[in-house]
Amino acid sequence: MKDKRITKLTTLAETKFLSLFNAEYKNKKGATKHWTIASRKSLEILKEQYFQDRKEKVDAVVMNAIHKESEKLVLIKQFRVPLNDFIYELPAGLIDSNESIESAVARELKEETGLSLLEIDEEKTRNIAYVSPGMTDESLALVYCSCTGEITGKYLEENEDIEAMLISRNEAEELLKKDVKMDIKAYMALLSFINC
């Protein structure tokens, strides 16, 4: 059962991929408070989720992908504007409207790395998870999968600055020792990869 505390939602800013909302809510003592929420959803969809029990749609996919032939982990190094720098990440991307998780995984894996999806490990995959719930309601599917093919950047979109790579367990161990910017999901995947 949900503990519904948000009483009012108003838009602060809207862009194509991200919006900011002011949420008026009651804290545990019943006092009215305000919280700023970053979301990939529209005001209408958020209101339906918060006030009408609309089922939440997953926003994105993140792939913990193992290359079948080399048995290496797929990793990317991507320029991220908020950091003004490159950061190591797992391949990921937004789910298009009415697109399945599997279709988004295949599309984004191909786009960011050139690799082809072979199989999704349904037992390990988490269909909805949250990365930074103190700031955003963004949800993702953490998909464990296998892939095949050769790394290439020929499918990248114009604004994507990505270098894809295949990392062995030894290379993963060495990368974890370096002082480099790394997404927490990639960090945890690297730790898990070297310990399996």
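The values are calculated or read from the model by the stated rules, or taken from the named source; none is laboratory data. Being a predicted model, the structure only gives us computed values, none of them experimental. For neighbour counting, all protein chains shown are included, and Cβ atoms are generated from backbone atoms with ideal geometry for every residue, glycine included.
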I'd like the residue in the stretch 141-194 that is outside any loop (DSSP other than H, G, I, E, B) and among the small types (Gly, Ala, Ser) and, out of all such residues, is nearest to Asp96 (Cα to Cα). Ala141
Taking the stretch 97-116 on its own, how many of its residues are aliphatic (A, V, I, L, M) and in a loop (DSSP other than H, G, I, E, B)? 1
Hey, among the residues in the stretch 22-72 that are over 24 Å from the mean Cα position of the chain (by Cα) and in a strand (DSSP E or B), which one's surrounded by the most Cβ atoms within 10 Å (Cβ to Cβ)? Tyr25
Name the one entry in Glu99, Glu150, Glu158 that is outside the structural domain of Arg40 (by TED's automatic domain parsing), without any contact (Cβ under 8 Å) to a residue 24 or more places away in the chain and more than 16 Å from the chain's Cα centre (by Cα). Glu158
I'm checking my understanding of the structure. Among residues of the stretch 152-196 that are touching a Lys or Arg at 6+ places or on another chain (Cβ under 7 Å) and hydroxyl-bearing (Ser, Thr, Tyr), which one is farthest from Val62 (Cα to Cα)? Ser168
State whether one or more residues within the stretch 125-134 are crowded, with 18+ Cβ neighbours inside 10 Å and assigned to a strand (DSSP E or B). no
Given the conditions (1) part of a strand (DSSP E or B); (2) within 28 Å of Asp179 (Cα to Cα); (3) acidic (Asp, Glu), every one holds for Glu119 apart from (2)
Consider Lys41 carefully, then state whether it is closer than 29 Å to Asp96 by Cβ, among the basic types (Lys, Arg), in contact (Cβ under 8 Å) with a residue 40 or more places away in the chain and out of contact with any Ser or Thr (no Cβ under 7 Å at 6 or more places or on another chain). yes
Limited to the stretch 73-96, what total is found for residues that are surrounded by fewer than 16 Cβ atoms within 10 Å (Cβ to Cβ) and either in the same structural domain as Glu44 (by TED's automatic domain parsing) or outside any strand (DSSP E or B) (or both)? 5
